[in-house]
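Please treat every number below as a calculation from the coordinates, not as lab data. Bear in mind the structure is a predicted one, so any value in this text is a computation, not a measurement. We place every Cβ from the backbone using ideal geometry, glycine too, and count neighbours over all the protein chains shown.
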Amino acid sequence: MDDKLTIKGIDFSSRLWVGTGKYRDFEETAKAVEASGADVVTVAVRRVNIIDRKSENLLDHIDPKKYKILPNTAGCYSVEDALRYSRLAREAGISDLIKLEVIGDEKTLFPDVIGLLEATEILAKEGFVVFPYTNDDPITAKRLVDAGAAAVMPLGAPIGSGLGIRNPYNIKIILETVDLPVIVDAGVGTASDATVAMELGCDAVLINTAIAGAKDPIAMAEAMNYAVRAGRLSYRAGRIEKKLYATASSPIEGLL
């Protein structure tokens, strides 16, 4: 399918992006990433050792030459922390890409929108390719575009909840509001959730907990691979119009 995703001149071969937290070990992480078919792998700079290359770390198992490593600022509750860890990742030679999280509440893990906008603007001016994790508010999405984001990443539901796309209507409005790629981040629980996100017209889906927390993470990673591809193909094919009453599957004109 000739349907390449390109962001800021970077080509992405898969519309499924995966996280690396919550797995039992690095070996399981690597197998799940491979099964997912993803080429973007996001890593929490604060929680996983990717900066000190002298000791074993995730990059010993996830080849940066094969995958695009997307550092993220998970666990950062202030603009200052988010900026610090973004810069650390770049200085360590990991990437100019950054999945930006500025968390506003410990219980819900909802983003601090004001802090997110500030950090996005600062990092974009410093040359980062910023992918901000945000709520599903179209106005915030528009302001993130103005701040210099490379894409917007609205949540489908709270992080790790597995509730699926709780407000597809807001996601659709975001898709109509911004001219940047829209990547659903957080809330996917199973393969059908990923398909729904793609059928709405989203450009990609980022998934971690739904894969890592599954009874069989490797199988779920493969399922998500198929789900994202099917959802994208279905979106491009164009669904039939919804109707209140039945329509015969076979033509009835000319029947005696």
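Things to note:
- Rounded to whole Å, sorted largest first: equivalent-ellipsoid semi-axes of the chain, Cα gyration tensor: 33, 22, 16
- Rg then Dmax, both in Å and based on the Cα atoms of the range 93-166: 12.2, 37.
- For the range 1-130, a Kirkwood radius taken over Cα pairs fed into Stokes-Einstein (25 °C, viscosity 0.890 mPa s) yields D = 159 µm²/s.
- Straight Cα distances below 12 angstrom link Lys99 to the aspartates and glutamates Asp185, with same-chain residues fewer than 8 positions distant left out.
- Cα gyration tensor of the range 196-256 - equivalent ellipsoid semi-axes, whole Å, descending: 37, 14, 10
- Among the listed pairs Lys4/Lys68; Lys22/Lys66; Lys31/Lys215, those whose Cα-Cα separation exceeds 19 Å are Lys22/Lys66.
- The peptide list 8-20, 111-123, put in order of mean Cβ contacts within 10 Å with the highest first, becomes 111-123, 8-20.
- Assuming charge only on the beta carbon of Lys and Arg (+1) and of Asp and Glu (-1), the dipole of the chain about its Cα centre is about 240 debye to the nearest 20.
- Compared with the rule-of-thumb size 2.2 N^0.38 Å for a compact globular protein, the range 172-230 has a Cα radius of gyration ratio of 1.14.
- Residues in the range 118-134 carry Karplus couplings, in order, of 5, 5, 4, 5, 5, 5, 4, 5, 8, x, 6, 9, 9, 10, x, 7, 9 Hz; the curve used is 6.51 cos²θ - 1.76 cosθ + 1.60 with θ = phi - 60°, and Gly or Pro positions show x.
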